[in-house]
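Note sheet for the following structure.
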Amino acid sequence: MKRFILLLLVSSSFCFSQELEHLRSNYPKANSEESVTNELYQNLSSVSKSDSKTLVAYKGAILTLKAKFAKGFKSKKTFFKEGAELLEYAITTEPKNIEIRCLRLGVQENAPKIVGYKKNILEDKQYIIDHFADIKNQQLRNFIRGYVMLSAAFSDSEKQLF
């Protein structure tokens, strides 16, 4: 019985790791490709607030991208609002999670001014600068570095830190 439980824990950890790898490699494409956004949205449809907060944050970020591609103001507003709420929930639950902060920074940096979702840009940017060196996972380091290099929120001198 103990072996079964151990095997179950190891396999679920492996699946979570694989899912994060898939999200990290495809999320940057979702901003410009509706098909990638829809695929990630489908993959994350069963994620709820009781799941990994990193997955909750990705679901929130993808919902905000669904708003970008949605037709009609009401649909855009609904997707964006739900996505922002999930991101904020994830941040509130895990405020020291650099990946979640990077996702929120990306959403806030690219959010239309009309939605008023831009208040944490400087805070998240500074958190990423201060804690990037602490990241052990190379794929996560590459994901964040890739975002920073494309971001207008970071100056050229700040980008040199990555």
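The values are calculated or read from the model by the stated rules, or taken from the named source; none is laboratory data. On a predicted model such as this, the values are computed, not experimentally measured, just so you know. Cβ sites come from the backbone with ideal geometry, for glycine too, and all protein chains shown count toward neighbours. What goes into the accessible areas is simple: the full protein's heavy atoms, side chains included, and nothing from ligands, DNA or RNA. Shrake-Rupley method; radii C 1.70, N 1.55, O 1.52, S 1.80 Å.
When the scattering of the chain is computed by the Debye formula from its Cα atoms alone, each counted once and equally, what is log10 I(q)/I(0) at q = 0.17 Å⁻¹?
-1.03
Just report the Cα centroid separation between the range 110-148 and the range 59-78, whole Å.
21 Å
On average, how much accessible surface per residue is there in the chain, in Å², for a 1.4 Å probe, leaving out ligands, DNA and RNA?
Spelled out: the 1.4 Å probe surface of the chain, per residue, equals 59 Å².
Return P(r) of the range 51-111 (all Cα-Cα pairs; 5 Å bins starting at 0; whole %; ordered from short to long distances).
Per 5 Å bin, starting at zero, the Cα-Cα P(r) for the range 51-111 comes out as 4, 23, 32, 21, 12, 6, 2, 0 percent.
Rounded to the nearest 0.05, what FRET efficiency do SER155 and GLU82 give with R0 = 22 Å and r taken as the Cβ-Cβ distance? Could you check?
Once the sixth-power term is evaluated, E becomes 0.10.
Taking the Cα centre of the chain as the origin, how large is its charge dipole in debye, to the nearest 20, when only Lys and Arg (+1) and Asp and Glu (-1) carry charge on their Cβ atoms?
Value, rounded to 20: 360 debye.
Using a 1.4 Å probe and ignoring any ligands, DNA or RNA, find the accessible area of LEU140 and quote it in Å² to the nearest 10.
20 Å²
Would you list which lysines come within 18 Å of LYS113, measuring only between C-alpha atoms, while excluding same-chain residues fewer than 8 positions from it?
Within the straight-line limit of under 18 Å, LYS113 reaches these lysines: LYS66, LYS68, LYS74, LYS76, LYS77, LYS81.
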